[in-house]
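Report on the following structure.
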Amino acid sequence: MTLFPANAPILRAAEMRAAEAAAFASGVSQDALMERAGTAVAQQVQRIAFGRPILVLAGPGNNGGDAFVTARLLAQWGNDVTVATLAGKLDGAAARMRSAWTGSVTSFDDATPRPILVDGLFGTGVTRSLDPALGRRFAALSRNAFVVAIDLPSGVDSDAGQCFTGAGRADLTVALGALKPAHATGPDAERMGHVVLADLAIALPADVRTIRRPGIDPPARTAHKFSRGLIAVLGGAMPGAARLAARAALSAGAGYVVLTGDAAGQGGPDALVRRDDLDALLGDERLAALLIGPGLGRDDRAHSLLDRALAADVPLVIDGDAISLLAQTGPDRIAVRSAPTWLTPHEGEFVRMFADKGGNKIDRTRKAALQARATIVHKGPDTVIACPQGTAIVSTHGPSWLSTAGTGDVLAGTLAARLRPGGAAAAEQAVWLHGQAARLAGPAFVADALIDHLGQAIAECR
């Protein structure tokens, strides 16, 4: 799994083309941009070549132009380089880069495998599956090679909207200018190998970006338990999940955590307050956030608790069973709330809650956030945080060991705890702390162990 650079932009293919067009309009030449791209790729190949022969595959588009720059520089640096090209006429900057290459050139069909393969066949413009014969030939050349992909492995949909047959794979992918959705989300992310981001020094929009380690200040000298946040966790049919969430809230920075329901009298640290006077609790003006869903169940009592939580004029985190219950009526019940709302669905819960509108996970989550007028933390190996203002953050920070029962409850409690001190950054803080706690816990942990590492994760953010 790649840990992407912090705060790196993620752009769809059309957005990247628009950014490049704006750079050209501002005076940057296409030749200069292609030289920057090829230089970045060549530097990465030089790091791993160790004198081994290199085969550079150059396609008929701008990706092929980048490939010719890469080949020229690698040859100048003393490497044994051969270029194999696909049929097709290069024009513009790509043609000029082709004419600057003075080394050997062969056709794609006549190329012989070499230990290092640079894939510059197709970049962000792919809209359909590779020709089957081309795909088989490409796979044969790649089979025993260390493959470096220019921007994307050939045949991958840059926008991660669909998976094309015959797409390539890489051991190292050099993303040019910005990450693309396919680098971070969707099944083709497995094809990327290690991803390196090459800065092309052009202005880029930042509506979608990667997660960054948050800055978390200690409480103010005058802080007290209520100023740090009174959090209420509404327990239900499965008390263990609610206790996990409440314990996580305590360890993630909340000043005072109340657990209600059947879980109130069972287990947990002594600092956890047990109460069942829900009317008084919901009317407490010191209440910073309400969390419902972990272990809630789907019985009549669960429906009643959810109704009361939605009606409360207080920041609300909705997780687990509460999302499944809401899916029966749709997101409109959230959209009409006056207080801010956060939802933390996994993929199954997300699909039940929101009608499939197509697109990649980033696009779907952003649309859902706008529809529900809520911040959505769409969990998974590629967690997407989308705000109703249209921005999104993507995290691949969490290790795959998080795929065990209870870790979502810990995330929900962590998020509830960060709402008061974290403000608009609360969801990003929670997701980062959750992933870092998992790394600190090591492999094969149980969800309870995450809670014990949240404090250390917070300490790394100071």
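Key figures
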quantity: Amide H partners (placed H, <5 Å) of Val118, local residues excluded; calculated: Leu55, Val56, Leu57, Val148
quantity: Area accessible to solvent at Val431, 1.4 Å probe radius, in Å²; calculated: 10 Å²
quantity: Table column - 3J(HN,Hα) (Hz), segment 301-309, Karplus curve with 6.51, -1.76, 1.60, x for Gly and Pro; calculated: 5, 4, 4, 5, 5, 5, 4, 5, 5
quantity: Of all accessible heavy-atom area on the chain, the percent that carbon and sulfur account for (1.4 Å); calculated: 50 percent
quantity: Ile48-Ala14 FRET efficiency (beta carbon distance; Förster radius 25 Å; 0.05 resolution); calculated: 0.20
quantity: Amide H contacts of His194 (H built 1.01 Å from N, under 5 Å, at least 5 apart or other chain); calculated: Leu172, Thr173
quantity: Sparse-neighbourhood loop sites, trypsin sites (Lys or Arg not before Pro) in segment 183-241 - DSSP loop, at most 10 other Cβ within 10 angstrom; calculated: Arg221
quantity: Span from the segment 92-125 Cα centroid across to the segment 134-209 one, whole angstrom; calculated: 17 Å
quantity: Estimated Rh, segment 321-462: Kirkwood, alpha-carbon pairs, angstrom; calculated: 15.3 Å
quantity: Helical contribution to [θ] at 222 nm, DSSP H n ≥ 4, -39,500 (n - 2.57), averaged over the chain, rounded to 500; calculated: -11500 deg cm²/dmol
quantity: Between helix 13-25 and the chain: long-axis angle, C-alpha atoms, 0 to 90°, nearest 10; calculated: 60 degrees
quantity: Calculated FRET value between Ala201 and Arg462, using beta carbons and R₀ = 30 Å, to 0.05; calculated: 0.40
quantity: Integer Hz, Karplus 6.51/-1.76/1.60 couplings in order for segment 181-186, x for Gly and Pro; calculated: x, 5, 5, 10, 9, x
quantity: Local net charge near Gly177, Cβ-Cβ under 13 Å (Lys/Arg +1, Asp/Glu -1); calculated: -1
quantity: Residue-count net charge about Glu428 - beta-carbon cut-off 11 Å; Lys, Arg +1, Asp, Glu -1; calculated: +4
quantity: Rounded to the nearest 20 debye, dipole of the chain from Cβ charges on Lys, Arg, Asp, Glu; calculated: 560 debye
quantity: Share of Cα-Cα pairs in the chain lying beyond 31 Å, as whole percent; calculated: 48 percent
quantity: Sequence-separation-based contact order of the chain, relative, with Cα cut under 8 Å and 6+ spacing, percent; calculated: 13 percent
quantity: Inter-centroid distance (Cα atoms) of segment 377-439 relative to segment 312-355, Å; calculated: 16 Å
quantity: Table column - 3J(HN,Hα) (Hz), segment 455-461, Karplus curve with 6.51, -1.76, 1.60, x for Gly and Pro; calculated: x, 5, 4, 5, 4, 6, 9
quantity: Of Phe354, Ile334, Thr173, farthest towards positive along the dipole that unit charges on Lys, Arg, Asp, Glu beta carbons give the chain; calculated: Thr173
quantity: Rounded, prolate or oblate (a/c below 1.5 giving rounded, otherwise prolate when a/b exceeds b/c) for segment 37-178 by Cα gyration tensor; calculated: rounded
quantity: Förster radius 35 Å - calculated FRET efficiency between Ala327 and Arg221, Cβ distance, rounded to 0.05; calculated: 0.20
quantity: Proximal lysines relative to Lys180, as straight alpha-carbon distance under 17 Å, when same-chain residues fewer than 8 apart are discounted; calculated: Lys361
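The values are calculated or read from the model by the stated rules, or taken from the named source; none is laboratory data. A quick note: this is a predicted structure, and the numbers were derived from the prediction, not measured. Virtual Cβ from ideal backbone geometry, glycine too; neighbours counted across all protein chains shown. Areas reflect the complete protein model, heavy atoms only, side chains present, ligands, DNA and RNA absent. Shrake-Rupley method; radii C 1.70, N 1.55, O 1.52, S 1.80 Å.
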